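Peer 1: If you scroll down you'll find the structure; I have some questions about it.
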Amino acid sequence: MSDTEQLVVDPVCQMRIRPSDAVATVEHDGTVYSFCSQDCADSFTEAPEDYV
Ligand SMILES: [Zn+2]
């Protein structure tokens, strides 16, 4: 077990998640965002500028 993995913030719901637990990832403007759910990823994909 490792706790060294850095948490990332789901930009849609602000939940902190481990990248390895992300259900979906979306690249925007050269940055990869991780999401807790496909719903969050879909919301981000529809309007990424609302979340970055
Ligand atoms: Zn989320």
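No lab work stands behind these numbers, since they all come straight from the coordinates. Just so we're clear, the structure is a prediction, and the values are computed from it rather than from any experiment.
Peer 1: 222 nm [θ] for the chain, helices only, -39500 (n - 2.57) per DSSP H run of 4+, per residue, to 500? Intermediate values should be presented prior to the final figure.
Peer 2: On the way: 1 runs with 9 residues, N = 52.
Mean residue ellipticity at 222 nm (helix-derived): -5000 deg cm²/dmol.
Peer 1: Whose amide H sits under 5 Å from the amide H of HIS28, counting only residues 5 or more places off or on another chain, with H placed in the peptide plane?
Peer 2: HN-HN under 5 Å from HIS28: TYR33.
Peer 1: Working from the alpha-carbon coordinates of the chain, get Rg over Rh, Rh being the Kirkwood radius.
Peer 2: Values: Rg = 10.8 Å, Rh = 11.1 Å.
Rounded to two decimals, Rg over Rh is 0.98.
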